[in-house]
Every structure is written in C-alpha cells, then in structure tokens.
1. If you fit an axis through the alpha-carbon atoms of helix A:63-72 and take the longest principal axis of the Cα set of chain A, what angle between them do you get, 0 to 90°, nearest 10?
2. Once amide H atoms are built 1.01 Å from N in the peptide plane, which residues 5 or more positions from B:T243, or in another chain, come under 5 Å H to H?
3. Among A:T185, B:T203, what is the fewest-to-most ranking by other Cβ atoms within 10 Å?
4. Cα axis of helix A:185-200 to longest principal axis of chain A: angle in degrees, 0 to 90, nearest 10?
5. Please report which chain A residue places its beta carbon nearest the axis carrying chain A onto chain B, with the distance rounded to a whole angstrom.
6. With unit charges on the beta carbon (Lys/Arg positive, Asp/Glu negative), name the residue among B:G191, B:V35, B:H264 whose Cα is farthest towards the positive pole of the charge dipole of chain B.
7. Distances from B:T196 to the same residue in each other copy, label points 7 Å out along Cα→Cβ, in nm, shortest first?
8. Between the label point of B:G57 and that of the same position in each other copy, find the distances and list them shortest first in nm, with every label point placed 7 Å from Cα along the Cα-to-C-beta direction.
Protein chains: 2
Amino acid sequence: MTDAVEVFVPGHITGLFSVHRHADPERAGSRGAGVTLTDGVTVALTPAPDSLVTLNGDPVEMPPVAGVLDALDVTAEIHAETPLPLGAGFGVSGAMALGTAYAANAAFDCGKTDNAVIRVAHEAEVSSGTGLGDVVAQARGGVPIRLEPGAPPHGRLDAIPAAARVEYLTFGGLATSDVISGSTTELSAAGEDALTALLDRPTLPGFIDAARSFARDAGVITDDVAAVLDDVDTASMAMLGRTVYTLGTGLTDAGYDAETCRVHPAGATFEE
Amino acid sequence: MTDAVEVFVPGHITGLFSVHRHADPERAGSRGAGVTLTDGVTVALTPAPDSLVTLNGDPVEMPPVAGVLDALDVTAEIHAETPLPLGAGFGVSGAMALGTAYAANAAFDCGKTDNAVIRVAHEAEVSSGTGLGDVVAQARGGVPIRLEPGAPPHGRLDAIPAAARVEYLTFGGLATSDVISGSTTELSAAGEDALTALLDRPTLPGFIDAARSFARDAGVITDDVAAVLDDVDTASMAMLGRTVYTLGTGLTDAGYDAETCRVHPAGATFEE
C-alpha cells in the first residue's frame, strides 16, 4: 500500500443515447455520443480501515464508489473535488467511480489492466442505476462515440477527432435513475436515429445537430432549458440534467453567463 | 479548407512485440506493448498544390506520410518538428503518418471518425514497411498493450494504468524494415511469451521484466545497448533501435546522461 493517489477524471456530457439493458452489467450500457470536459473530478484515495466518501468536503452517499471498493475488496477514504454540479448531466458519479477504481488499483497494487479497471467502475455505475455510458467515455476522453454498449471487451468506441471550447449553463438536476429505470422505448428510438445521423456526419456541427434532434425527440427538455435552446441554435441539452451546453461561444455570444472549459484530450489521468 | 492545422503525436517505444502479417494492411500489425512519450512529433499541415514533407526543417522522403495524403486524395505541406531521433525506435514515422492523417482530416473536412483516421495512418505505415504497431499505440497514449493486431475495428487494445518518468539514451538506428520484412519466427515466439508474462503482471515493473526477456530472447540486442543493460537492470531496449530506456531514474542513477520525459497520458492531440 502507498499514500494518497490522485486521479483526474474529465466530466462528460452525453448528447444522445439509447438504453441497452442486459442482466450482466458488463454488457449493459448505452450507445450514443458525448463530450468530455477539462472541468472534471479530482479523486484522492487513501487506504483506511473504514471507508468514507466526501465531495467538495461534504460526506456523501455514493453507491457507485462503494460498489468499486466492494468489488476490489478494499476500504479507503475518498475525497473528491469538482467545480461541476452533481446530478446535472456531467457524469460526476461516473467520474467518482472511475477515479476510485484507478486510484485503488494503484494504491492497493491490485494489478488490473486499464480495461479491467474500467470494467469495475462501469459495473458499479450500471448496478447503482446512476449511469450507463459515462465511465467508458470518461476513460477515453475527447468526443467519444459509443458504438456498442458495455465495458471492454464488449463495448466499442469511436470518436470525433476534434478539439473545441465548451460552454455550459446549468439550472439543476434531473434524476438519471428515474429516466433510465422507466420506459425508454421512445428515447432509445430517438437515440438510435441520432447516432445514425451522427455517424453519417461525424463532426462537431454534426454532433450538435444530432444532439438537438435527440433532445427534442426524446421529450426530456425542461422549460428553462427550452428557453435557452430557442435563443442559441448551436446549443443542446445535457443528458440528463437541466443543463445547456455548446461547442464554441454560442452561449456567451447570446449574452449568457456560461461556464467555459474545453474538450479534454485524454481520459482519466494520474495526477503527478 | 482552413489554414495550418497542428497535431502533437507522442513518441512510442515498443518494449515487446510479435509480427502478424495479413494481405489486408488494416488487419496486419503486431501484438505487444510499449510506452508513449511526452517527447513526440508536432505535425503542422497546410493545404498546398504540391506536397512537401520536412522534418526539423529538412525535406525528407517519408513514404507513410505520402501514403496518408494519397489515401485522402489531398496535397499539402507537412512540417514536422521533434526532439526524437529518426529510426532509433521512437515511432517517428508512425507519428508523422498519424499526425498527417488527423491534420488532413481537419484541414480538408474529410469527415472521418477517429477510428477511420487511425486506419488510414496504420495502413500507410504497414504498407510502407516502416512499422506495425506504433500508430494504434500513439493514437491511444499511456502504456498501451496491443492485444490483437491491426487498426480499428480489428485491433484491440488494453493498457497498464500508470504514470511514470521515462529516461532514454540512444546510440542510433536499426532498420525496422529489414527486421520486420525478414524471418520473424523466433522474434514473434519471444514476443508471444513476453506478452503472456505481461498480461499475468500488467504493471510497470512487469512491463520492464517482460521487455528485457523479450529483447534477450529475440536476439536483437546490439553491443552498445548490451553494455548499458548490464549496468541498469530496470532498463530495456527500444524495438527497433539502438536505444535504451527505463521507467523511473535508472539510467541517470547509474550515471548516464539520459534524456528524460514522461508517459504521455493522451493519444495524438490537436494543438490549441
């Protein structure tokens, strides 16, 4: 065992997705696409006799993190720091699960490969009902396209090869678990259509167009988000949160006081 | 078309590999493992009526770069800058091919996904006989393990989830094409054994041990390299070049005037 290990995990905004359930959480997940962010979560892990998880200094219940620690059969204190809001569509729970898995693998010499670490975090996230595709996207970085659902070796990824400024504006949370545990037939049909459109035009403008169509067709847009989308035709809604984002300067150009960051070029990385 | 596009591609030292030939260059390649480096190649591409390739200011013949431009049916000036020596086992030709493919895809709006860009560069590198596994590793970053040969969707990757300081010392080149176009039966058998050993212990010390065993069993160690390996038991030889590298401080600890960098956490990235 070593001292504290720190891992940075990029935030992830899903633009479009379809739900793919499977009894085996390794194979469950989503197809779709999103954007990873230089705004993310720094996870610091220290081996400890009793596990404790804090987020920005406050103790939190975080089932996917507990699931990762259980799967690795270790106990630790996990202190996570992030500028991103929880539950607003930035993949904070996935980031905490993935950061914990990488940090624990290093701190406890678990000897897992990268794919095995991702698998542990993905399974914990899916089993907790807090997300379906954030972990695999956050492990990759960039603008990932999830061609096939699930963790490696089942899931299959591609990406849009591009860098960009990202702006976002958030009004608060939506409960991911309520949406993904309910009926998702209509949402998934919209997600499949949007993914087909994106793969026909795998560019940043193609991504935003596909994401806007998806948000509209999936029927999840809240009134506060809709008002901004009416103003800014290069913006879409984060899945799933009351969050609007754009690639470029669309939100600030329209006068909104948006947060700004960039596409994160790498997946989760050890802090040095 | 846009102005110059710049892409940074990490260097890549292969530690161990086996050769997998196939009539289709997408499916040809190598299995094995290596280390990507923060020392790499910056490729700047400008659309131009006649193609020209320079490396550190000097015009060079670089068949994999020409192959990428041909495959994309474009012409451009490519100016590459690197601190790494050519032909000494750092994947400079793969980096130039991959950087050209990403930059051309962006500059000419080719609309290819990440996997398609990687495929173009891998095919050009394999068809030129200059490398088998650098491109897919350099697109991924970190400490990649090549589980299955070839470009996406055929190739399959994993990695060792770790950061590290890298030191290297080079005495000059070996001709990759001479080795990989000749008989590789013994080398590939050693590579398969070393990969099995690495997958049993997928850690940085496990990587170095597997790479040292491979270098010895493959029968490619030159006298200048052997003398350093005798001094530094945490070092191995870059495949393929008269280059010694270590993860950590082994070379400088032993008094060698080594270059130092780090494992690059990301694959090829657009310069912003």
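Readers should treat all values here as calculations from the given coordinates under stated rules, not as data from a laboratory. In this text the structure is predicted, and so the values were computed from the model without any measurement. Glycine gets a Cβ as well: all are built from the backbone with ideal geometry, and neighbour counts include every protein chain shown.
1. Orientation of helix A:63-72: about 40 degrees from the principal axis.
2. Long-range HN contacts for B:T243: B:F171, B:A238.
3. Taking fewest neighbouring Cβ atoms as first place, the list is A:T185, B:T203.
4. 80
5. Nearest-to-axis residue on chain A, with distance in whole Å, is A:A266, 2.
6. Toward the positive end, the furthest listed residue is B:G191.
7. 4.7
8. Between copies, matching label points for B:G57 lie 5.3 nm apart.
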